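Participant: If you scroll down you'll find the structure; I have some questions about it.
Read the figures in this text as sums done on the coordinates, not as results from a lab. Only a predicted model underlies this, so the values are computations on that prediction, with no experimental measurement involved. Cβ placement follows ideal geometry from the backbone for every residue including glycine, while neighbour counts extend to all protein chains displayed.
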Amino acid sequence: MKIQRIEATPYPDQRPGTSGLRKKVTVFQKPAYLELFIQAIFEVLPERHGATLVLGGDGRYYNDHAIQIILRMAAANGFARVVVGRRGILCTPAVSHLIRHRKTLGGIILTASHNPAGPDHDFGVKYNAANGGPAPEPLTERIWEVSKTLHSYQIIEATQAIDLQTPGSTGLGDMIVEIIDSTADYIRLMEGIFDFDALSRLLQSPSFRMRYDALNAVTGPYAQDLFEKRLGAPQGSVVQGTPLPDFGGLHPDPNLIYGKSLVDPMFRPGAPDFGAASDGDGDRHMILGRQFFVSPCDSLAVILAHAHRIPHYRGNVRGTARSLPTSQAVDAVAETLGIAVYETPTGWKYFGDLMDAGRVTFCGEESFGAGSSHIREKDGLWAVLFWLSILADTGKGVRDIVYDLWQRHGRHYFSRHDFENLPTDNAETLYDDLQKGLDKLPGHSIMDTTILSADAFAYRNPIDGSVTDHQGIRIVLADTSRIVVRLSGTGTGGATLRLYFERVMRGPGRLELDLQTTLSPLIQFAYALTDIRRRTGRTAPDVIT
Ligand code: G1P
Ligand code: ZN
């Protein structure tokens, strides 16, 4: 088959963010926009000749089109084999696993995670490296550099579309396209970690009911195969289980606002015992008990606290890591276990190095993501299986498990306020001005305590000594309360300013306070300090989680 070199004009805006290149579908539809970005990825991979690539996505609009293009480009760029999920479906954790399991050069994930999908919404391309994790920053920066001056891409001539329905191998030029069952390898991985017999007993017990909401996104087929077919949960335990190109109009971000289709039935009388949901590409999780919501920071802490119940982790937990804004609940658990805690910038890529070096077993973020060294991405269904295993082993309900944590370590009240779609200049000026005034803050009193330190977080990678700065502003109080302020790296329109608040309360009567009221002294202080209402013209955040 003939390789064509197609001339095109480079774009200046292909800098990958926290999690790959995310843009509106209409941007990806500009002439050669997708093709040039893919070529830029291939250009920084000289080892691609004769190598294997994993390819799949969350099923969103433009996935099908992009897969056909990428396959023809991979064939023209010297790859020997591309492993593709059936119908182009692979959740992000499954890609991470496949890269590691099949020892491939890397993988391309077509996803904009939880961002809405459809012709007027978002699309994304993310490259994961040979360790299964998101490409490290030096690599993504090189991709961006290359993209700015790339005037052509290589592709083999169009024939008919490659059939993605039927598992098996076919030739495309000199390359093999291997279509695989999307869920099988991932489920085998989970079987090696968790006690599936114990899980089957729980899910088949007449006194236990679960509801898993896939939000019409990628995890539907995984959840059906796992919970219903493999573990025997009653049919209908998985809802909204078919991945739709527009996610059925949902915003598959599992939180109290966008996860309403799960939250509402879980807060009704007669609710199931356990509820869970994942995001668009399957790396996030939300856990609910009957009339009870588990904060993601607490979910991470619970996972660490109960790790000894899971065969794979028993006696085998190294350290733990959390992103800067994530609450210190997990630190409290780690302290009692005598293991290290690493504080990293936001985004999963920073955890990868720590895992590769054998320093940490569990990681997590406040944004509904947790995972372990079994792969190099956060993992939604893994977290759900972890929780189910805790319930199976303790015989307790979700609420009791969380109360045990609070009673032991205090409750880390945590909330995030997002101001979305701000004019970029406006948000950046606010942030810069805040940073300039940090020196004056220590010693200032809030509530009945004082500010201990205020700085811009810079992360020193303990493995290679590299420093990543400007990762958010942190204001730490003497009683361990914190305020963190940062700009999002995953948005596709304007800037999103995120403010995070954390305050720990201990003892009887202090575990069931109203969340926003408990945090309000910190919130008031941060709003006044940043003058956010006047500067943004917003009276309230767009999203509070
Ligand atoms: C957000 C989350 C972050 C997560 C990322 C990718 O990034 O805050 O924790 O790793 O999505 O899922 P942000 O938009 O804040 O840069
Ligand atoms: Zn995601």
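Participant: For the range 35-119, what is the convex hull (Cα atoms) projected area averaged across all directions, in square nanometres? Kindly include the intermediate steps, with their values, before the conclusion.
Facilitator: On the way: hull surface 21.5 nm².
Over every viewing direction, the Cα hull of the range 35-119 projects on average to 5.4 nm².
Participant: Continuing with the same structure: Indicate the gyration tensor shape class of the range 7-158 (rounded, prolate or oblate), computed on the Cα atoms with a ≥ b ≥ c the square roots of the eigenvalues: a/c under 1.5 is rounded; otherwise a/b larger than b/c is prolate and the rest oblate. Before the final figure, lay out the partial values.
Facilitator: Values: a/c = 1.29, a/b = 1.07, b/c = 1.20.
It comes out rounded by the Cα gyration axes.
Participant: If you average the alpha carbon positions of the range 429-469 and of the range 78-116, how far apart do those two centres end up, in angstrom?
Facilitator: If we compute the Cα centre of each part, the gap is 37 Å.
Participant: Here's another thing I want to ask about it. Quick one: putting +1 on the C-beta of Lys and Arg, -1 on the C-beta of Asp and Glu, what dipole do you get for the range 352-462 around its Cα centre, in Debye to the nearest 20? Working shown, then result.
Facilitator: Numbers: 11 positive and 18 negative charges, 108 e Å.
Once rounded to the nearest 20, the dipole reads 520 debye.
Participant: Check which residues have an amide H placed less than 5 Å from Thr450's amide H, if you skip close sequence neighbours.
Facilitator: Amide H neighbours of Thr450, under 5 Å, 5+ apart: Ala478, Asp479.
Participant: Treating each Cα of the range 131-290 as an identical point scatterer and ignoring solvent, apply the Debye formula and state log10 I(q)/I(0) at q = 0.17 Å⁻¹.
Facilitator: Summing over Cα pairs of the range 131-290 leads to -1.11.
Participant: What ranking, highest mean first, results for peptides 274-284, 256-266, 4-14, 332-342 when packing means the other Cβ atoms within 10 Å averaged over each residue?
Facilitator: Averaged packing, sorted descending, gives the order 274-284, 256-266, 332-342, 4-14.
Participant: Let me ask something else about it. Just for the Cα atoms in the chain, what are the lengths along the principal axes, largest first, rounded to whole Å?
Facilitator: For the chain, the Cα spread along each principal axis is 73, 59, 41 Å.
Participant: Which cross-chain or sequence-distant (5 or more) residues have an amide H under 5 Å from the amide H of Ala495, H modelled 1.01 Å from N in plane?
Facilitator: Residues meeting the criterion, in which the H sits 1.01 Å from N, are Asn421, Leu422, Thr424.
Participant: Please report the antiparallel percentage of the DSSP beta bridges confined to the chain, to the nearest 5.
Facilitator: On the way: 63 of 92 bridges.
Of the beta bridges lying entirely in the chain, close to 70 percent run antiparallel.
Participant: Taking the square root of 5 times each eigenvalue of the Cα gyration tensor, what semi-axes in Å does the equivalent ellipsoid of the range 188-282 have, largest first?
Facilitator: For the range 188-282, the semi-axes come out at 22, 17, 10 Å.
Participant: For the pairs Lys229/Lys349; Lys103/Lys396; Lys30/Lys436; Lys23/Lys349; Lys229/Lys396; Lys126/Lys396, flag any whose C-alpha to C-alpha distance is greater than 30 Å.
Facilitator: Over 30 Å apart, Cα to Cα: Lys229/Lys349; Lys103/Lys396; Lys30/Lys436; Lys126/Lys396.
Participant: Return the calculated 222 nm mean residue ellipticity for the chain, to the nearest 500 deg cm²/dmol, obtained by summing -39500 (n - 2.57) across DSSP H runs with n ≥ 4 and dividing by the residue count.
Facilitator: -9000 deg cm²/dmol
Participant: Still on this structure, please answer the following. About the Cα centre, and with charges only on the beta carbon of Lys, Arg (+1) and Asp, Glu (-1), how big is the dipole of the chain? Nearest 20 debye, please.
Facilitator: Here the chain has a charge dipole of around 440 debye.
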